[in-house]
Structures are given as structure tokens and as C-alpha cells.
Amino acid sequence: MKKANFVVSGAFTLFALAIIFLSRSYPPSNHGVPGPRMFPLIIAVLIIISSAALFINTLRMKPEDDVPVDLTSRNVLNVYITIAGLIVYITLLPLLGFITTTSIMLLLFFKWFSKYAWWKCLLISVLFTVGIWLLFGIVLNVPMRYGVLI
């Protein structure tokens, strides 16, 4: 597990540094109002802090706590499914649009990870998606790309 923690810590640190590098092209601010660069930088700094905490905790780990990682457990399977779902989501987002793609992704994730009935999962996913769309698209006036559907 130590080796896996070191690899994850290093990979996420590199990922955060890539976010910082790529966000340099975004405008920093507009007359004192935080610009588009602020959110990626905050997330990148939080990722680096989390990676450093994981690294330090792994260095301080007792030898008896160093157990092998089971890559076939139910929890790890959930991680694989989530990653695959997000890849499909990112691929379909420009084609189908935000509301449709996000509602479908959330519906499937809620159904997979919870024991709620289908109608509850559908209701939660649609309400959450519409709430996000209203917040960013209407209140914050963030331009959102739409696909063939909405």
C-alpha cells in the first residue's frame, strides 16, 4: 500500500501542476472580481495539499499497516465504473448537451451507488442538473455549450 500511496501522491501532484500550467492562459481577474483562473488554481492547490498529506502520512505509516491493495474488491470496482462513466460523460457532453448528458450520468450513478427507486434517482438527477444549470447558466452567466439536445 505504501508504494501505491506514493504513486498516487506523485500522480496527483503532477496533475495539479498541469492544471496550474494550463490555467495560466485564463484571465486572472476583472476589476477586483475573481476571474476564470481562480477556481482551477484553488482546486490545484487543494490537490497538492492533499497529495502532500498522503505522502507524509505514508512516510509515517507503521509497517503493520502496510497491507497489499486488492484491485478486485467492490470498492475498487466502483472507482473503475466511475472513471469509465466520466470518460463517457466527457465524450458525450459536446454532442448531447449539458442537461441531457448530466442528467443521464447522475441517474446512472445514483442508481448504481444507492438503493433508491428509479423514480427517486431520476428526480434527484434532474433537479440537481437543473439547479447547476440555473446557478451557472443564469445566475453566474457562465456560457454553457449545448449539444443536439439541451
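Read-outs throughout are calculated quantities, based only on the coordinates presented, and are distinct from any laboratory measurement. The model shown is predicted, which means the values in this text are computed figures rather than measured ones. We place every Cβ from the backbone using ideal geometry, glycine too, and count neighbours over all the protein chains shown.
Report the convex hull volume per residue for the chain, counting only C-alpha atoms, in Å³.
Numbers: hull volume 22.4 nm³, N = 150.
Taking the convex hull of the Cα positions in the chain, it is 149 Å³ per residue.
Evaluate segment 1-69: find the radius of gyration of its Cα atoms, find its Kirkwood radius, and give the ratio Rg to Rh.
Values: Rg = 16.1 Å, Rh = 13.5 Å.
Rg/Rh: 1.19.
Whole-Hz ³J(HN,Hα) for each residue in segment 13-22, computed from phi via Karplus 6.51 cos²θ - 1.76 cosθ + 1.60 with θ = phi - 60°, x for glycine and proline: what do you get?
5, 4, 4, 5, 5, 5, 4, 4, 4, 6
Once the cut-off is 20 Å, how many percent of the Cα-Cα pairs in segment 71-150 end up in the long-distance tail? Show your work: numbers first, answer last.
Numbers: 1257 of 3160 pairs.
For segment 71-150, the share of Cα pairs beyond 20 Å comes to 40 percent.
So what are the ³J(HN,Hα) numbers for segment 52-65, from phi and the Karplus equation (6.51, -1.76, 1.60; θ = phi - 60°), rounded to whole Hz, Gly and Pro as x?
Per residue, the Karplus-derived 3J(HN,Hα) values read 5, 5, 5, 4, 5, 5, 5, 4, 8, 5, 6, x, 6, 8 Hz.
Between LYS111 and VAL79, what is the label-to-label distance in nm when each label sits 7 Å out along the Cα-to-Cβ direction?
Here the answer is 2.6 nm between the modelled labels.
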